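To start, the structure itself, in structure tokens.
The values are calculated or read from the model by the stated rules, or taken from the named source; none is laboratory data. All of these numbers come straight from a predicted model, not from anything done at the bench. So basically every Cβ, Gly included, is an ideal-geometry build from the backbone, and we count neighbours across all protein chains shown. Accessible surface is based on the protein model in full, side chains and every heavy atom, while ligands, DNA and RNA are left aside. Shrake-Rupley method; radii C 1.70, N 1.55, O 1.52, S 1.80 Å.
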Amino acid sequence: MGTSARTMTGWYPVARAAEVGMEPLPVGAGGRAYVLVRLSPGAEVSAFPARCPHRLVPLSAATVVDGRLTCPYHGWQYDGEGRCLSIPSLGPDGTAPPRADLPVPWAVEERHGWVWLAPERTAVAPPRPAGDTGAELVPPPPAPDGPVLGNLDPALETAWHPVALSGELRPGGWLQVRLLGRTWTLRRTDRLEVDPPAYGVRERLGVVWLAPAEPRDVPLEVPEDRDRRFVTGWLPPQRSAGTAGVLADVLLDVAHMPFLHGGSTSAADHPEVAAHDVAPEPGGFRSAHEQWFDAVTDPGVATGERPLRQRRRATSVYRAPFQLLMRLESLDSGAVTTVQHLLQPEDADSTRIYTRLLLSSGPGNPLPAPADVEREVASAQRVLAEDLALVAHVAGQGLPLAGRDELHVRADRMGVALRRALCDFVLSAPRVTRRAA
Ligand code: FES
Ligand SMILES: [Fe+2]
């Protein structure tokens with residue numbers, strides 16, 4: 001995380017003491033962003049830097065759990081001194097690396113009804129305010145030092161991007177779409193046309209794709225697409241203010257399941273992430289691991305045939321820049337749920353998300369009935385909404401590509417592979433002359 005090289009000595013009045021409770025309050029001191037919180041009712045005020053070092057999620061979204069500041073994304077927990085006491089994905093015996101500790105300010109004190117903060121060691125005591133004291137505006141958090149991938153990166157010109165569901169472009173009809181900060185008009189005559197001219201437009205996997213310039217991406221293969229044992233259910237396309245890189249990272253991430261989806265489909269009491277390898281493949285990678293989950297949509301659970309808590313094999317396939325596939329195979333029932341996520345970087349702070357489920361009931365079972373598909377789609381919609389609620393906290397923020405700007409732990413192998421693949425994709429881009437927006 002980039003930090004200011006300037007020395008910030010002295011005391012800063014940052015908030016009225018009465019405003020600070022057990023919900024983190026963002027404040028600014030000397031141009032730096034912090035959050036204030038009481039870690040138990042009536043306790044002294046603690047101050048923390050504004051973002052979690054793991055994935056730079058604002059700690060204003062954190063909660064207090066058992067007297068510890070707890071990040072909403074992966075549940076990392078901090079004491080009042082900023083020490084990282086728990087990284088759940090590492091399991092009960094895991095030890096947090098030193099860089100996981102938060103660089104807390106030198107001191108924080110309550111005086112005369114105000115909270116005063118000294119970012120760095122200072123010799124003087126907090127001053128007595130004369131008249132009304134004003135707190136400074138909360139500054140933006142520091143920008144990462146290294147490269148960051150946003151939605152308008154010129155390297156993204158040279159890829160196929162999803163721009164509409166096939167069904168949204170009717171025969172004889174037209175449609176305006178946004179891609180990489182520009183508007184394009186699609187027409188369906190006896191073929192697909194696009195204006196302004198682009199390298200190409202085509203249909204694949206139920207979606208219309210547009211490549212502004214000669215594409216370099218490797219198309220995602222979805223074997224289930226042609227497999228008669230699978231039925232398809234589409235989620236309504238969603239829009240997020242998160243960038244496509246950040247969304248891809250969240251959709252690939254496995255360690256957040258108990259924290260973002262504890263109430264939906266995963267087992268909140270199994271936060272440990274088993275070691276899993278990531279195998280590079282042309283244009284991306286593949287990774288598989290086993291995980292616990294609550295099979296809330298398994299009809300066999302209702303009949304008592306199978307337990308609610310089950311094991312499944314989760315395989316993730318990624319193709320740069322923003323094509324993802326997750327295959328979830330229940331080890332108990334043999335049922336397979338494959339989730340295809342395709343992301344359209346529309347504008348700097350807008351990404352459209354196309355999600356398709358491909359469902360199979362497993363060997364010897366009939367095809368999933370329409371009601372089963374509906375239930376799975378509704379469940380996937382809830383899970384996606386939980387992901388998008390988290391992403392809303394980092395709206396418009398690009399994906400840091402340099403390892404030093406975040407803190408990767410064992411469970412983050414896919415996140416690391418994603419950053420590498422995107423870094424390669426960006427660095428290998430030819431110089432492209434961008435058309436005016
Ligand atoms: S625990 Fe904070 S971002 Fe992962
Ligand atoms: Fe998720």
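What to note about this one:
- Charge sum, other residues only, whose C-beta stays under 15 Å from G80's C-beta, Lys/Arg counted +1 and Asp/Glu -1: -4
- The accessible surface of the chain, taken with every protein chain in place and a 1.4 Å probe, is 52 percent carbon and sulfur.
- Based on C-alpha pairs under 8 angstrom that are at least 6 apart in sequence, the chain has a relative contact order of 17 percent.
- For the chain, the longest principal axis of the C-alpha atoms and the axis of helix 370-391 are separated by about 30°.
- Taken over region 130-236, the ratio of Cα radius of gyration to 2.2 N^0.38 Å equals 1.61.
- Loop-located trypsin sites (Lys or Arg not before Pro) in region 172-210, at most 14 other Cβ atoms within 10 Å (DSSP): R191
- The solvent-accessible area of S287, taken with every protein chain present and a 1.4 Å probe, is close to 0 Å².
- Mean accessible surface per residue for region 257-405, computed with a 1.4 Å probe while every protein chain stays in place, in Å²: 40 Å²
- Mean sequence separation of contacting Cα pairs (under 8 Å, at least six apart), scaled by the length of region 12-118, corresponds to a relative contact order of 26 percent.
- Taking all protein chains into account, the per residue accessible area for region 12-118 stands at 39 Å² (1.4 Å probe).
- Take T232: with every protein chain present and a 1.4 Å probe, its accessible area is about 60 Å².
- Cα shape, region 12-118, gyration tensor, a/c 1.5 rule: prolate
- Qualifying trypsin sites (Lys or Arg not before Pro) for region 80-129 [loop in DSSP, other Cβ within 10 Å: at most 11]: R121
- For V231, neighbours were defined as the other residues whose beta-carbon sits under 14 Å from its Cβ, and their charges (Lys and Arg +1, Asp and Glu -1) total -1.
- Dipole moment magnitude, nearest 20 debye, region 12-118 about Cα centre, only Lys, Arg, Asp, Glu C-beta charged: 320 debye
- In nm, spacing of pseudo-spin labels at R99 and E305 (7 Å Cα→C-beta vector): 4.9 nm
- Stretching E168 away from S428 to a fully extended chain increases their span by 90.3 nm, per 0.36 nm per residue minus the current alpha-carbon distance.
- Paramagnetic label reach from R16 (point 7 Å along Cα→Cβ; backbone nitrogen cut-off under 16 Å): within region 136-164, residues 136.
- Region 348-375-region 39-89 distance, computed between alpha-carbon centres (Å): 36 Å
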